[in-house]
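The structure appears right after this line, and notes come after that.
Values in this text are rule-based calculations from the coordinates and carry no lab data. A quick note: this is a predicted structure, and the numbers were derived from the prediction, not measured. Using ideal geometry, Cβ is built from the backbone for each residue, glycine included, and neighbour counts are taken over all protein chains shown.
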Amino acid sequence: MKIIVLMKQVANKDAILRIGKDEKWIDESDISHQTNESDGYALEEALRLKEAKGEGEVIVCTLGAASAKTVLKDALARGADRGIHIIVNEPNKLSPFQIAKTIADAIGEESADLIFTGLQSDDASYGQTGVILAELLGIPHATIVIDLDRSSLGESLRLKRELESGWYQWFTYKLPALLTIQSGISQIRYASLKGIMAAKKKEIRDVTPGVEDYASAQKIEKVYLPLKTKQTQMLGDGDAKKGALELVEKLKTEVRVL
């Protein structure tokens, strides 16, 4: 049983974000980073599946600059077996397709039984990379996974997906398959001292892709902070009845909710 977990480095949730000079992304030169939240849950589910099976290998993979290697080291300290670092200095300039294609080229030879990703990244929040990757690899995928039946693991895996309006779905997927994991599915473990020491001896394979070989279908024109504006309009000139009539008229003609 071989499981690959995709993990991403994102800006710390408490970091003060500033727009870069080119207005294409945030200035990441002086902010702290962390592992994308839902990716942490994806790793935890992979480790629990391996423990339930009693055998197997968990491989963590990240795409990013040199600093992203800390994501892999933390995952190895938590129990992953080895890592793959796809070195891309400016990953924010890549579209979800470019990212998925680059990852597919890097992990294709691994022939994994399962691939786990987080539901979406905390920065771009596209929620597309995992789905596109599954299509490129020619395997089925399940999104918004909120539970796994570990006892069913074999040539297939039974899982629970979150749907709209409080509904959910149990479904059995044949392996290999790709799953995007929802945050909060389980309790994430901490890295132990023993795990931190063991991580120093675990392999991290560096991959340098040629991402310029495939064109992007999208381009970020501008990144900006939302403008905080407040406009107050007085109705009725102090006359409550007149103000109510004016409000109803605006709800009908301008807001169009009546």
Q) If you put +1 on each Lys and Arg Cβ and -1 on each Asp and Glu Cβ, how big is the dipole of region 89-197 around its Cα centre, in Debye rounded to 20? A) 300 debye
Q: Taking the dipole about the Cα centre of the chain, with the C-beta of Lys and Arg at +1 and of Asp and Glu at -1, give me whichever of 121, 238, 143 is farthest to the positive side.
A: 238
**Q.** Percentage relative contact order, the chain, counting C-alpha pairs under 8 Å, at least six apart
**A.** 23 percent
Q | Where labels lie 7 Å past Cα in the beta-carbon direction, separation of residue 152 and residue 258 in nm | A | 5.2 nm
Q: Order the peptides 18-30, 139-151 from the highest to the lowest mean number of other Cβ atoms within 10 Å of their residues.
A: 139-151, 18-30
Q) What is the magnitude of the charge dipole of the chain about its Cα centre, with +1 placed on the Cβ of each Lys and Arg, -1 on the Cβ of each Asp and Glu, and no other charges, expressed in debye to the nearest 20? A) 460 debye
**Q.** Reachable aspartates and glutamates from residue 241, criterion Cα separation under 14 angstrom, eight or more residues apart if same chain
**A.** 249
Q: For residue 189, put the label point 7 Å out on the Cα→Cβ axis and report which residues of region 79-101 keep their amide N under 12 Å from it.
A: 79-81
(Q) Taking the alpha-carbon distance from residue 160 and a cut-off under 14 Å, which aspartates and glutamates remain once sequence neighbours fewer than 8 residues away in the same chain are dropped? (A) 45, 147, 149
Q. So what are the ³J(HN,Hα) numbers for region 95-106, from phi and the Karplus equation (6.51, -1.76, 1.60; θ = phi - 60°), rounded to whole Hz, Gly and Pro as x?
A. 7, x, 5, 4, 4, 4, 5, 5, 5, 4, 5, 7
Q) What order do you get for 1, 234 when you list them from fewest to most C-beta neighbours inside 10 Å? A) 234, 1
**Q.** Largest to smallest principal axis extent of the C-alpha atoms in the chain, angstrom
**A.** 76, 45, 40
Q) Which of the peptides 47-54, 4-11, 201-208, 126-133 is most tightly packed, and how do the rest follow, judged by the mean count of other Cβ atoms within 10 Å per residue? A) 4-11, 126-133, 47-54, 201-208
Q: Determine, for each peptide in 87-99, 161-173, the mean count of other beta carbons within 10 angstrom over its residues, then list the peptides with the highest first.
A: 87-99, 161-173
Q: For region 120-158 and region 72-103, write down the distance between their C-alpha centroids in whole Å.
A: 16 Å
Q.
Going through the cross-link list 2/101; 50/73; 21/73; 13/101, which pairs have a Cα-Cα distance over 25 Å in this structure?
A. 21/73; 13/101
Q: Excluding residues fewer than 8 places away in the same chain, name every one of the aspartates and glutamates whose C-alpha is closer than 19 Å to that of residue 24.
A: 90, 122, 123, 212, 221
Q) Put +1 on the Cβ of every Lys and Arg and -1 on every Asp and Glu Cβ in region 2-213; which of 59, 166, 17 then has its Cα farthest towards the positive end of the dipole? A) 59
Q) Which ³J(HN,Hα) values, rounded to whole Hz and listed in residue order, are derived for region 136-153 from phi using the Karplus coefficients 6.51, -1.76 and 1.60 in 6.51 cos²θ - 1.76 cosθ + 1.60 with θ = phi - 60°, glycine and proline given as x? A) 5, 7, x, 10, x, 9, 10, 10, 6, 6, 10, 6, 10, 8, 5, 5, 8, 5
